[in-house]
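Asks: Have a look at this one before I ask anything.
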Protein chains: 2
Amino acid sequence: MNIEMIRAAALRLEGHARVTPLLNAPLLDRIAGRRVMVKAECLQWTGSFKYRGGWAAVSALRGAAGVLAFSSGNHAQGVALAAAQHGLPAVIVMPSDAPSVKIDNTRAYGAEVVLYDRAREDRDAIGAALAAERGLVLVRPYDEPEVIAGQGSVGLEIAAQFGGAAEVLTCCGGGGLTSGVALACEGRFRVRTVEPTGFDDVARSLALGERVRNATLSGSICDAIVTPTPGEITFPIMQRLCGPGLVVSDDEALRAMVLAFQHLRIVLEPGGAVALAAALFRDDLPETVIAVASGGNVDPAVFAAAMARFG
Amino acid sequence: MNIEMIRAAALRLEGHARVTPLLNAPLLDRIAGRRVMVKAECLQWTGSFKYRGGWAAVSALRGAAGVLAFSSGNHAQGVALAAAQHGLPAVIVMPSDAPSVKIDNTRAYGAEVVLYDRAREDRDAIGAALAAERGLVLVRPYDEPEVIAGQGSVGLEIAAQFGGAAEVLTCCGGGGLTSGVALACEGRFRVRTVEPTGFDDVARSLALGERVRNATLSGSICDAIVTPTPGEITFPIMQRLCGPGLVVSDDEALRAMVLAFQHLRIVLEPGGAVALAAALFRDDLPETVIAVASGGNVDPAVFAAAMARFG
């Protein structure tokens with residue numbers, strides 16, 4: 001993985017991925033007590049940055065009969081739309097407890113969805129069988145160089161959009177977005193990962209210097225960024241380039257979601273709001289931070305409940 | 001009013017107003033049965049296009065002791081922030097039934113808010129007295145050349161962002177946005193006004209060829225775009241450049257608000273969603289339309305109720 005791969009992916013993404021705006025609001029800065037810039041990837045096609053990695057990976061394929069992906073929902077939609085735009089069939093293996101809005105949209109983009117039980121079934125085995133049977137090429141959600149390169153285009157855009165000193169905060173699951181952005185911003189901005197309490201495998205791995213696992217994968221409202229352990233490819237990049245990992249509570253993520261609604265007029269999902277939550281509610285950060293608002297595919301009921309509690 | 005004034009205002013706005021993105025979504029196009037591009041002015045500073053006109057007008061003042069504005073809320077916030085950024089005091093006369101989020105934000109931007117009773121008091125008299133007493137300069141919400149010029153910058157951006165054939169739909173109150181955009185897009189796109197049922201003074205005026213008034217000014221959920229009658233300056237421009245006016249129901253506006261949440265991940269207020277509603281639900285429109293999503297300052301309770309009904 002290197003910056004040249006990210007630049008090459010960014011070139012392929014031109015005219016396909018949306019250059020998302022870097023938003024801010026005086027009243028939000030006042031709440032945070034610092035300047036908070038928000039990279040609104042919820043406005044990306046399919047509602048998250050995952051479209052970038054999906055398009056980057058699918059556009060790099062030659063002669064595939066179709067693509068296969070595992071995903072709780074955002075990678076699913078990104079790959080599904082990118083595959084459809086390339087005229088390729090897509091099969092997406094999704095946990096049965098994924099938000100229904102994500103399952104519905106993945107199907108609406110034309111993909112075949114195969115559901116599995118997150119607690120009892122092995123998604124890798126299901127995927128391997130499907131790939132072998134149908135000649136599909138697997139597009140991994142984060143431990144895949146072309147996917148990391150695509151996500152890195154977020155970092156190139158941030159570097160072009162913001163001129164001052166800042167730290168970049170990323171919502172972090174397996175580290176595809178984080179490692180891509182960290183490579184793209186190397187020498188410009190330090191990147192910090194943000195995870196929800198109880199699912200902070202990256203923060204703990206960074207602190208220990210080795211990859212550790214989450215105790216469980218279920219029970220978080222931040223479904224988009226719950227992964228077992230940092231990626232094999234992504235972790236060394238994060239170790240080299242990222243500061244200590246940050247952790248926020250579920251309630252902080254929900255409050256950030258509501259504040260983004262009120263002051264930025266963007267829709268975030270809880271997992272897409274954790275970086276903003278850290279920007280708003282953590283003390284140990286510099287005067288200016290750039291929070292990547294990574295996704296906005298929220299189930300209406302979750303959103304309504306957050307609005308009722310914190311709106 | 002002419003295109004040169006709009007170009008001059010756009011130059012002054014550079015680096016101050018945000019160039020808002022033109023969004024679209026495959027799944028939204030499918031619902032509409034046409035291509036729908038959305039100019040997301042809800043992402044503008046203060047949550048609506050009104051910041052453009054506010055900044056354009058305030059930046060054109062020379063030697064004023066302060067500014068005065070009448071507004072149900074979006075013009076209020078735009079003028080309040082623009083005045084604060086110019087170091088000028090602002091007094092805003094607002095109806096007491098304006099959404100509380102708009103009153104609160106106007107105060108948060110540093111303006112003094114004077115409330116009046118929309119049904120029983122004369123806002124013009126209140127404003128005239130304040131202006132005389134304190135040496136304030138009135139910034140009218142739409143019948144003001146510099147305000148129209150600032151709003152017209154929306155049209156210049158649309159023309160730069162979209163290359164094909166299309167009609168532009170605007171959420172229309174007094175016609176400041178509409179006439180500015182129509183002048184900016186003259187020869188490129190025809191502009192159509194959109195209003196809520198029962199408050200369609202512009203559509204009726206365009207059909208009759210003379211300015212007529214709304215029967216009442218209260219009772220609409222689209223508070224942002226309810227005005228007594230088209231402006232003296234704006235109406236001749238709309239008459240010359242706009243197609244027949246469109247009307248949507250309150251429920252269509254609320255459904256558009258929910259669909260924007262789901263598919264574009266932007267937050268709209270009902271009055272800011274009527275153009276999108278027409279784009280989604282009217283039959284008599286061309287294959288591609290560009291809807292200006294003019295504002296996103298919605299009261300959380302109104303939004304939650306819409307989500308519960310249509311989400």
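Asks: Given the structure, is A:ALA83 open to solvent by 40 Å² or more (accessible area, probe 1.4 Å) and more than 26 Å from A:LEU169 (Cα to Cα)? Quick ask: steps written out before the conclusion?
Replies: Values: open to solvent by 40 Å² or more (accessible area, probe 1.4 Å): no; more than 26 Å from A:LEU169 (Cα to Cα): yes.
So A:ALA83 does not fit the description; no.
Asks: For segment B:64-72, indicate whether the set of residues that are of a type outside the set (Lys, Arg) and closer than 26 Å to B:GLN161 by Cα is non-empty. Before the answer, list the steps.
Replies: Filtering segment B:64-72 for residues of a type outside the set (Lys, Arg) gives B:64-72.
Still in the list and also closer than 26 Å to B:GLN161 by Cα: none.
No; the residues of segment B:64-72 include none that is of a type outside the set (Lys, Arg) and closer than 26 Å to B:GLN161 by Cα.
Asks: Can I ask one more? Restricting attention to segment A:142-183, which residues are in contact with a Phe, Trp or Tyr (Cβ under 9 Å, 6 or more places away or on another chain) and free of Cβ contacts under 8 Å to residues at least 60 places away in the same chain?
Replies: Matches in segment A:142-183: A:ALA159 only.
Asks: Between A:ARG204, A:ARG211, A:ARG255, A:ARG192, which is among the basic types (Lys, Arg), under 18 Å from A:ALA32 (Cα atoms) and touching a Gly at 6+ places or on another chain (Cβ under 9 Å)?
Replies: From the options A:ARG204, A:ARG211, A:ARG255, A:ARG192, the qualifying one is A:ARG192.
Asks: Only residues that are over 16 Å from the mean Cα position of the chain (by Cα) and of a type in the set (S, T, N, Q): list them for segment B:1-48, please.
Replies: Across segment B:1-48, the qualifying residues are B:ASN2, B:ASN24.
Asks: Could you list all residues from segment B:21-63 that are closer than 30 Å to B:ALA76 by Cα and of a type in the set (A, V, I, L, M)? Write out each step before concluding.
Replies: Our first condition is that a residue be closer than 30 Å to B:ALA76 by Cα; within segment B:21-63, this holds for B:21-24, B:36-63.
Hits for segment B:21-63 are B:LEU22, B:LEU23, B:VAL36, B:MET37, B:VAL38, B:ALA40, B:LEU43, B:ALA56, B:ALA57, B:VAL58, B:ALA60, B:LEU61.
Asks: Within segment B:108-133, work out how many residues are basic (Lys, Arg) and surrounded by 15 or more Cβ atoms within 10 Å (Cβ to Cβ).
Replies: Filtering segment B:108-133 for residues basic (Lys, Arg) gives B:118, B:120, B:123.
Filter once more, so that each one left must be surrounded by 15 or more Cβ atoms within 10 Å (Cβ to Cβ): B:118, B:123.
Counting residues in segment B:108-133 that are basic (Lys, Arg) and surrounded by 15 or more Cβ atoms within 10 Å (Cβ to Cβ) gives 2.
Asks: Here's a follow-up. Give the residue that is farthest from the other protein chains (Cβ to nearest Cβ), with candidates limited to residues of segment B:90-111 that are in contact with a helix residue (DSSP H, G or I) (Cβ under 7 Å, 6 or more places away or on another chain) and of a type in the set (S, T, N, Q). Break it down into steps so the answer makes sense when it comes.
Replies: Just the residues of segment B:90-111 that are in contact with a helix residue (DSSP H, G or I) (Cβ under 7 Å, 6 or more places away or on another chain), to begin with: B:90-94, B:98-99, B:102, B:105-106, B:108-111.
Those left that are additionally of a type in the set (S, T, N, Q): B:105-106.
Numbers: B:ASN105: 7, B:THR106: 11 Å.
The residue in question is B:THR106.
Asks: Could you identify the single residue in A:ALA278, A:ALA224 that is at pLDDT below 95, in a helix (DSSP H, G or I) and of a type in the set (A, V, I, L, M, F, W, C)? Give the derivation first.
Replies: Details: A:ALA278 fails: at pLDDT below 95.
It is A:ALA224.
Asks: May I pose another question? Scan segment B:189-216 for residues that are of a type in the set (S, T, N, Q) and either within 14 Å of the chain's Cα centre (by Cα) or not in a helix (DSSP H, G or I) (or both) and jot them down. If you could, list the steps in order and put the result at the bottom.
Replies: Our first condition is that a residue be of a type in the set (S, T, N, Q); within segment B:189-216, this holds for B:193, B:197, B:205, B:214, B:216.
Selection gives B:THR193, B:THR197, B:ASN214, B:THR216.
Asks: Separate question: For the structure I just gave you, tell me whether A:ALA40 is away from chain B (no Cβ under 11 Å), among the small types (Gly, Ala, Ser) and out of contact with any Phe, Trp or Tyr (no Cβ under 8 Å at 6 or more places or on another chain).
Replies: Working: away from chain B (no Cβ under 11 Å): no; among the small types (Gly, Ala, Ser): yes; out of contact with any Phe, Trp or Tyr (no Cβ under 8 Å at 6 or more places or on another chain): yes.
Criteria not met by A:ALA40.
Asks: Out of all the residues in segment B:190-224, which are open to solvent by less than 10 Å² (accessible area, probe 1.4 Å) and touching a residue at least 60 places away in the same chain (Cβ under 8 Å)? Steps first, please.
Replies: Residues of segment B:190-224 open to solvent by less than 10 Å² (accessible area, probe 1.4 Å): B:191, B:193-196, B:201-202, B:205, B:222.
Of everything in segment B:190-224, those that are open to solvent by less than 10 Å² (accessible area, probe 1.4 Å) and touching a residue at least 60 places away in the same chain (Cβ under 8 Å) turn out to be B:VAL194, B:GLU195, B:PRO196.
Asks: Is there any pair with a first residue in segment B:283-311 that is without any contact (Cβ under 8 Å) to a residue 40 or more places away in the chain and within 9 Å of chain A (Cβ to nearest Cβ) and a second that is open to solvent by 20 Å² or more (accessible area, probe 1.4 Å) and outside any strand (DSSP E or B) whose Cβ atoms are under 6 Å apart and which are 6 or more apart or on different chains, and what are they?
Replies: Going by the 6 Å Cβ cut-off, the qualifying pairs are B:ALA304/A:ALA304.
Asks: Within the group B:ARG62, B:ARG52, B:ARG30, which residue is modelled with pLDDT of 95 or more, basic (Lys, Arg) and open to solvent by 30 Å² or more (accessible area, probe 1.4 Å)?
Replies: None of the others qualify; the one that does is B:ARG30.
The rows are residues; the columns are (1) closer than 28 Å to A:GLU144 by Cα; (2) more than 14 Å from chain B (Cβ to nearest Cβ); (3) modelled with pLDDT of 95 or more.
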| position | (1), (2), (3) |
| --- | --- |
| A:THR229 | yes, yes, no |
| A:GLU232 | yes, yes, yes |
| A:ILE237 | yes, yes, yes |
| A:CYS242 | yes, yes, yes |
| A:LEU246 | yes, yes, yes |
| A:SER249 | no, yes, yes |
| A:LEU254 | no, no, yes |
| A:GLN262 | no, no, yes |
| A:ILE266 | no, no, yes |
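Asks: Find all pairs meeting these conditions: Cβ atoms under 6 angstrom apart; at least six residues apart or on different chains; first residue within segment A:112-132 and under 15 Å from A:SER72 (Cβ atoms) and touching a residue at least 24 places away in the same chain (Cβ under 8 Å); second residue hydroxyl-bearing (Ser, Thr, Tyr) and open to solvent by less than 60 Å² (accessible area, probe 1.4 Å).
Replies: Close Cβ pairs satisfying both conditions: A:VAL113/A:THR106; A:ARG123/A:TYR116; A:ILE126/A:TYR116.
Asks: State yes or no: is B:LEU280 open to solvent by 20 Å² or more (accessible area, probe 1.4 Å) and of a type outside the set (D, E, K, R)? Break it down stepwise before answering.
Replies: Working: open to solvent by 20 Å² or more (accessible area, probe 1.4 Å): no; of a type outside the set (D, E, K, R): yes.
No; evaluated as a whole, the condition is false for this residue.
Asks: From the list B:PRO99, B:PRO141, pick out the single residue that is within 16 Å of the chain's Cα centre (by Cα), open to solvent by 10 Å² or more (accessible area, probe 1.4 Å) and closer than 21 Å to B:ILE6 by Cα.
Replies: The unique qualifying residue is B:PRO141.
The values are calculated or read from the model by the stated rules, or taken from the named source; none is laboratory data. Treat the numbers as computed from the prediction; the structure is a model and nothing was measured. When we count neighbours, we look across all protein chains shown, and the Cβ atoms used for this are built from the backbone with ideal geometry, even at glycine. Just so you know, the surface numbers come from the protein's heavy atoms only, side chains and all, with ligands and any DNA or RNA stripped out. Shrake-Rupley method; radii C 1.70, N 1.55, O 1.52, S 1.80 Å.
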